[in-house]
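The values are calculated or read from the model by the stated rules, or taken from the named source; none is laboratory data. In this text, all values refer to a predicted model and were calculated from it rather than measured experimentally. Positions of Cβ are generated from backbone atoms using ideal geometry, with glycine treated the same way; all protein chains shown enter the neighbour counts. The accessibility values were calculated without ligands, DNA or RNA, using every heavy atom of the protein model including side chains. Shrake-Rupley method; radii C 1.70, N 1.55, O 1.52, S 1.80 Å.
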Amino acid sequence: MKEPRIGIFVCHCGLNIGGVVNVPEVVEYAKTLPNVVYAEHYVYMCSEPGQNLIKNAIKDYKLNRVIVAACSPSMHEITFRHVCEEAGLNPYLFEMVNIREHCSWVHSHWPKEATEKAKDLVRMAAARARFLKPLNPMEVKIEPSALVIGGGVTGLTAAINLADRGFNVYLIEKKPFLGGIATQLSKFSLNGKDSREILNPLMERVLNHKRIKVYLNSEVVEVGGYVGNFSVKIKRNPRYINENCTECGKCVEICPINVLDEFNVNLIHRKAIYMPYPEAYPRIYAIDLNACNKCGKCTEICDVKAINLSEKSEILNFKVGVVIIAVGLEAYKPSKEYSFGEHPDIITQLQLERLLSTSGPTGGELLRPSNGKKPESVVFILCVGSRTNERPYCSRVCCSSSIKNAYEIKKRNPDVEVYVLYRDIRTYGKNEEYYTLAREIGVNFIRYSLDKLPKVVKDNEKLKVSVFDVGLNTTLEIPADLVILAEALIPRSDLSILASKFGISLGPDGFLKEAHPKLKPVETVVNGVFIAGGCQGPKSVSESVVQACAAAAKASILLAKGVIKVEPIVALVNEDKCIGCGTCIEVCPFKAVEKDEIGVAKINTALCKGCGVCAASCPEKAITVMHFTDEQITAQTIAAIREVIKT
Amino acid sequence: MIEEPRIGVFVCHCGLNIAGVIDVEALTEYAKTLPHVVYAEHNRYMCADTGQNLIKEAIKKYKLNRVIVAACSPRLHEPTFRRCVSEAGLNPYLLEMANIREHCSWCHSDYPEKATEKAKDILRMAVARAALLQPLTTIKSPVTKRALVIGGGITGINVALSLANMGFEVHLVEKNPSIGGHMAQLDKTFPTLDCSACILTPKMVDVSRHPNIKLYTYSEVVNVEGYVGNYKVRILKKPRYVDESKCTGCGVCAEHCPIEVPNEFDMGLKLRKAIYVPFPQAVPLKYTIDIDNCIKCKACERVCQTKAIDFDQKEEILKIYVEAIVIAVGFNVFDAEKLKEYGYGRFKNVITSLELERLLNAAGPTCGHIIRLSDGKVPKRIAFIQCVGSRDARIGKTYCSSVCCMYAVKNAMLIKEHLENVKVYIFYIDLRAYGKGFEEFYKRAEKEFGIKFICGRVARIEEDYKTGNLKIMFENLDEGVISTLECDLVILSVGLTPSEETIRISDIFGLKIDDCGFFMSKNEINPVESTTQGIFFAGCSLAPKDIPDSVAEASAAAMKAINYIVSGG
């Protein structure tokens, strides 16, 4: 191995470093270190003249290791690696030392000590640099297909846009039917069209699109790979019914099982064999495995032999270039707030949507769940479960939805008294019109404050809402036939598991975290994984559609590229030392280790992120991480505590 | 056969930008001593026609096969000089630029001797490299899909970049002399408190450098013909009276211009010359003459060394053919003078939120100091008034401007950080902190920063003529009383109105406008498409919204436009 010839370049970074650390002193010190044949300083190493200094020195002094002591590697490691490359030196023979964020910036009041620390850091870097080896990056092809997880309005839109662009799309949906939460809504906007009228064409297009393959009753089991080459394992649960189904309904009649109908938010019951609403997509009934007792009556009565109760679940494997996560959100189920659960006429907004829907249990007529009669007085309570200590965020769309519904109720029945109890009315943008129209049509708005919450009280079978009206400074007692709680929109309970499968995280509000809140709302920190719609945060149908298109656009750019470069900082197994104990396989957070045919650990270098946990855990010291070898790190550590190591 | 390098060195004075610090004569003489250099000379403006002709002639006369131009940053003129040497028959990659301006004269202006030595070093390095340069050929790929983007703010910029990154030819038209829009005027953005310019300007530079984007600034779309999927668009390039191909952005003209007028970019709080760039990071960095205020003294013309001033310049009509159009014309700010009861325009210490942004900004009229414009004093009691020009049926602006609650909270926090012992009040009707992280930001402002939120509309403001202080009369809905508050600075949270371009553009393209004056999209499931095929919208053209929503719509519109184009229209 060639004798290391180290060049050390210390940056002043204007006054950022030079104003605290005595840079020339550090350079002089560097010159005393073993194997250092050249050292100098410059005001801005990352500038062109600074870079040229390095390049010239590499040539003139035949340097085969370069150290730049400057800012954080996250700023300029790539810059200086390129400089080395351009000068003919392998970029991984470069080491960066952070004497700014880790030294001058944090010890700005102790220049002497900071200078000593800078010297220590440089000495450590030199110790490591001696043991650096040249490495080469890998180029990988991008699979020209996409996986969209979620078959609601967001996932459907993303799938269509990618497919129209010319890419193959696999769309997976956990439920047996498409459409998500949007199918439960009556309308998306005030005086808007019926939700089914808007969603049906979208679902038709997806099911008939030649480039989209839809997998229902399916969920993600395992994720592997990296951008351009994700391998996703899907479990497809059985539906038990095939396309022969004519929706004749005989099976539903004969099914003996009754369960709560979650599509209608438990307002009514359904059978174990069901379709959530008439003419859902696809037009095939489904069997709820949790409810079904496998009695077989449906199979017998089916004329077209569409039912097979022995259908098994299957595992499918997809290889895709990009993933768009569009799994949506859930509606909060109030626990004790406002006596929810104690009276059938205290309902949530989502339940109201079902009562107002033409596809719902009352055919769209607003009737009280308790007695089936029309309500004469309706009270909405906003911010139920949102803007609290337990859940500080605002659910964004409930003000607009509630007011849209309040208006609808009043419009249909001008004699009904409608009240909206609120903290702030957040009908932002053009939705302010909803608030104006609602007031004009005679909806009453009453402001309450967080320290004096309204109370819903049972008076025999009647309900009464008492609220302290801040404006009037009085407590009002409102008799209510129907109380609607505008519940929060919450992240799915399985969101954190799904996120961890992809290596992305959740924000403090529990929704998926984007790469940059302002400029990258649909990208994540994992290249190739995008998010859109309700899983990123509560939003309206329109806003979800916008994010779906945006995610499709970002994904398209990647897919169209065709190739991507991957860093060579990966783990390597010494097969002679490996005893096949499997510890590395267990501890690897990226599932990058497997046992090969002879039982020895094998690293998938494409998946490996070079974190080093395997190397640290291996009892036989059989694993090395390229660019972070034991030799390199040990040398660096020893140099930290001892003055100089003689090689 | 490797030929012997014959290097020509051309040192630019760049007016006084370089020559005012570096001894260009000595530099040129030094160049002559370097290996392989057979010719060296210097000139006032190398990028000008005269300078370029010098280079071309020298190439021919002295049979140069390598050219070095020691001047400004390659970012400005490398393409210029590459073209220049090409025209003289030399491969463009046999050109080397040495930056002795940004990397030398501009940063070492106090040390002329050392700067000259450094310039010599830089030149020597360039010569060493140039000797080893090899001819290269550019790789051309055909681009046949074309789109027009109207509007160069954050939304238009993102649409253009999305389209260009997908391989489409983009024509981006911006009516102002620079792209950047209103986001360039902001100090920090909510709720992350990112520096607005820091996240915007790299995108602006990306636009200017993207090979697939053709940028037309100080230009407007005036006409469209043709049919769906096959639009012939006429763009009017307004006369800058400055030749963009010659202007180097050196600024000598502005130094000599005798006319000062309020700078629109700083909301009129700072002055600019009649010949100007709107802000230092403008893209493109080319001067423009505000002909309405110009007195035609022609001082600029006399001092411009590249002869870039052209008072005979006429407006140009350019024709382009595109298959899809994305409209991203943004918004205007509500004119607060329309609400007489707040005294804007009469009371000096009643300012708008955008004026406050400029005061907060370190590059603004007060270098980031919050002071009263009447007397320069530091305010002790500041009041924000929400919904000025929004949610107001009296003036026909019934919609909500979406961002004012949040920007007021953000600015209130920044003021609290800047000033000690300042009391800040926000008068609101509904506090609309609806987005991701918004409510948490609002609560932080209230609890950690002690900003006082008062629910109640402000009825009127009166001024104490002697002190310039203001008395706010309002209804406190929480306490059910009518009250007054005296403060020394009032900030009106003005709403976002439709851009003045909306009506004109809707006429040209036959597009629908809603009651609020914004463009109308097709429906809720097609939020960025217009009812006319091939035309799309994004950002505040449709309705007031914040930056993340605008950015998402920009990508969405780009996706829709591309799918429209590839599907054959």
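Once region B:524-569 is narrowed to residues that are at the interface with chain A (Cβ under 7 Å from one of its Cβ atoms) and outside any helix (DSSP H, G or I), the residue that is surrounded by the fewest Cβ atoms within 10 Å (Cβ to Cβ) is B:SER567. Among the residues here, A:ALA560 does not qualify as open to solvent by less than 20 Å² (accessible area, probe 1.4 Å), closer than 30 Å to B:LYS522 by Cα and either facing another protein chain (nearest Cβ under 10 Å) or aliphatic (A, V, I, L, M) (or both). Inspect region B:473-489 for any residue being without any contact (Cβ under 8 Å) to a residue 24 or more places away in the chain, within 8 Å of chain A (Cβ to nearest Cβ) and of a type in the set (Val, Ile, Thr) and give the result as yes or no. Among the residues of region B:473-489, not one is without any contact (Cβ under 8 Å) to a residue 24 or more places away in the chain, within 8 Å of chain A (Cβ to nearest Cβ) and of a type in the set (Val, Ile, Thr), which makes the answer no. Comparison of B:ALA131, B:ALA147 shows that the only residue that is over 29 Å from B:ALA412 (Cβ atoms), out of contact with any helix residue (DSSP H, G or I) (no Cβ under 9 Å at 6 or more places or on another chain) and more than 12 Å from chain A (Cβ to nearest Cβ) is B:ALA131. The test for being crowded, with 24+ Cβ neighbours inside 10 Å and either facing chain A (nearest Cβ under 10 Å) or more than 20 Å from B:VAL322 (Cβ to Cβ) (or both) holds for B:LEU496.
What about A:THR157, is it under 37 Å from the mean Cα position of the chain (by Cα) and part of a helix (DSSP H, G or I)? Spelling it out, A:THR157 is indeed under 37 Å from the mean Cα position of the chain (by Cα) and part of a helix (DSSP H, G or I). In this structure, is A:LYS621 within 27 Å of A:GLU143 (Cβ to Cβ), open to solvent by 40 Å² or more (accessible area, probe 1.4 Å) and part of a loop (DSSP other than H, G, I, E, B)? Answer is no for this residue. A:GLU432 fulfils the conditions (1) part of a loop (DSSP other than H, G, I, E, B); (2) more than 30 Å from the chain's Cα centre (by Cα) except for a single criterion, (1). Scanning region A:190-201 for residues being surrounded by 20 or more Cβ atoms within 10 Å (Cβ to Cβ) and within 8 Å of chain B (Cβ to nearest Cβ) gives a total of 2.
Going through (1) touching a strand residue (DSSP E or B) at 6+ places or on another chain (Cβ under 7 Å); (2) surrounded by fewer than 16 Cβ atoms within 10 Å (Cβ to Cβ); (3) not in a helix (DSSP H, G or I) one by one, A:ASP576 falls short only on (1).
A:ALA438 falls short on exactly one of the conditions (1) away from chain B (no Cβ under 14 Å); (2) in a helix (DSSP H, G or I); (3) crowded, with 20+ Cβ neighbours inside 10 Å; (4) out of contact with any strand residue (DSSP E or B) (no Cβ under 7 Å at 6 or more places or on another chain), and that condition is (1).
Looking only at residues in region B:415-430 that are open to solvent by 10 Å² or more (accessible area, probe 1.4 Å) and not aliphatic (A, V, I, L, M), the one that is nearest to A:LYS430 (Cα to Cα) is B:TYR428. Would it be correct to say that B:ALA336 is outside the structural domain of B:ALA543 (by TED's automatic domain parsing) and at pLDDT below 95? Spelling it out, it is not the case that B:ALA336 is outside the structural domain of B:ALA543 (by TED's automatic domain parsing) and at pLDDT below 95.
Table: residues versus (1) touching a strand residue (DSSP E or B) at 6+ places or on another chain (Cβ under 7 Å); (2) surrounded by 16 or more Cβ atoms within 10 Å (Cβ to Cβ).
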| site | (1), (2) |
| --- | --- |
| B:GLU3 | no, no |
| B:ALA19 | no, yes |
| B:VAL24 | yes, yes |
| B:LYS32 | yes, no |
| B:LYS56 | no, yes |
| B:PRO74 | yes, yes |
| B:ASN99 | no, yes |
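Looking for something open to solvent by 20 Å² or more (accessible area, probe 1.4 Å), at pLDDT 95 or above, more than 8 Å from chain B (Cβ to nearest Cβ) and more than 27 Å from the chain's Cα centre (by Cα) - is there at least one such residue anywhere in region A:379-393? Within region A:379-393, none of the residues are open to solvent by 20 Å² or more (accessible area, probe 1.4 Å), at pLDDT 95 or above, more than 8 Å from chain B (Cβ to nearest Cβ) and more than 27 Å from the chain's Cα centre (by Cα).
Picking from B:ALA445, B:ALA412, B:ALA433, which residue would you name as being under 32 Å from the mean Cα position of the chain (by Cα), open to solvent by less than 20 Å² (accessible area, probe 1.4 Å) and over 21 Å from B:GLY495 (Cα atoms)? It would help to see each step written out before you state the result.
Details: B:ALA412 fails: over 21 Å from B:GLY495 (Cα atoms); B:ALA433 fails: over 21 Å from B:GLY495 (Cα atoms).
Going through B:ALA445, B:ALA412, B:ALA433 in turn, the sole match is B:ALA445.
Checking the stated criteria, B:GLY345 turns out not to satisfy the condition of being at positive phi and in contact (Cβ under 8 Å) with a residue 24 or more places away in the chain. More than 14 Å from chain B (Cβ to nearest Cβ) and surrounded by fewer than 19 Cβ atoms within 10 Å (Cβ to Cβ): does that describe A:VAL221? So A:VAL221 fits the description; yes. Of all the residues in region B:348-369, those that are open to solvent by less than 60 Å² (accessible area, probe 1.4 Å), touching a Leu at 6+ places or on another chain (Cβ under 6 Å) and more than 22 Å from B:LEU496 (Cα to Cα) number 2.
Could you tell me whether A:LYS117 is of a type outside the set (Val, Ile, Thr), closer than 19 Å to A:ALA639 by Cβ, free of Cβ contacts under 8 Å to residues at least 24 places away in the same chain and surrounded by fewer than 18 Cβ atoms within 10 Å (Cβ to Cβ)? Spell out the reasoning first.
Working: of a type outside the set (Val, Ile, Thr): yes; closer than 19 Å to A:ALA639 by Cβ: yes; free of Cβ contacts under 8 Å to residues at least 24 places away in the same chain: yes; surrounded by fewer than 18 Cβ atoms within 10 Å (Cβ to Cβ): no.
For A:LYS117, the condition - of a type outside the set (Val, Ile, Thr), closer than 19 Å to A:ALA639 by Cβ, free of Cβ contacts under 8 Å to residues at least 24 places away in the same chain and surrounded by fewer than 18 Cβ atoms within 10 Å (Cβ to Cβ) - is not met.
Here the strands (runs of 3 or more DSSP E) wholly within region B:206-271 that include at least 2 residues being at pLDDT 95 or above and open to solvent by less than 40 Å² (accessible area, probe 1.4 Å) are B:213-217, B:219-227, B:230-237.
Scanning region A:518-553 for residues that are over 24 Å from A:LEU199 (Cα atoms) and within 7 Å of chain B (Cβ to nearest Cβ) gives A:LYS518, A:LEU519, A:PRO521.
Does A:ALA488 qualify as being modelled with pLDDT of 95 or more, within 12 Å of another protein chain (Cβ to nearest Cβ) and open to solvent by less than 10 Å² (accessible area, probe 1.4 Å)? Against the criterion (modelled with pLDDT of 95 or more, within 12 Å of another protein chain (Cβ to nearest Cβ) and open to solvent by less than 10 Å² (accessible area, probe 1.4 Å)), A:ALA488 qualifies. Selection of first residues in region B:21-36 that are in the same structural domain as B:CYS104 (by TED's automatic domain parsing) and of second residues that are among the acidic types (Asp, Glu) and open to solvent by 90 Å² or more (accessible area, probe 1.4 Å), restricted to Cβ pairs under 8 Å at least 6 apart or on distinct chains, gives the following pairs, ordered by first then second residue: B:HIS36/B:GLU4. Does at least one position in region A:582-590 carry a residue that is within 14 Å of chain B (Cβ to nearest Cβ), in a helix (DSSP H, G or I) and of a type in the set (D, E, K, R)? The answer is no, given that none of the residues of region A:582-590 is within 14 Å of chain B (Cβ to nearest Cβ), in a helix (DSSP H, G or I) and of a type in the set (D, E, K, R).
A:LEU329 meets the conditions (1) over 30 Å from A:LEU506 (Cβ atoms); (2) open to solvent by 20 Å² or more (accessible area, probe 1.4 Å); (3) of a type in the set (A, V, I, L, M) in every case but one. The failed one is (1).
Among residues belonging to region A:517-537 that are part of a loop (DSSP other than H, G, I, E, B) and surrounded by fewer than 24 Cβ atoms within 10 Å (Cβ to Cβ), point out the one that is nearest to the chain's Cα centre (by Cα).
Keep residues of region A:517-537 that are part of a loop (DSSP other than H, G, I, E, B), which gives A:517-519, A:521-522, A:524-528, A:532, A:536-537.
So of that shortlist, the ones also surrounded by fewer than 24 Cβ atoms within 10 Å (Cβ to Cβ) come out as A:517-519, A:524-527.
Numbers: A:PRO517: 13, A:LYS518: 16, A:LEU519: 16, A:THR524: 7, A:VAL525: 10, A:VAL526: 10, A:ASN527: 12 Å.
Going through the qualifying residues, I end up with A:THR524.
Checked against the criteria, A:PHE511 counts as open to solvent by less than 20 Å² (accessible area, probe 1.4 Å), within 8 Å of another protein chain (Cβ to nearest Cβ), of a type in the set (Phe, Trp, Tyr) and in contact (Cβ under 8 Å) with a residue 60 or more places away in the chain.
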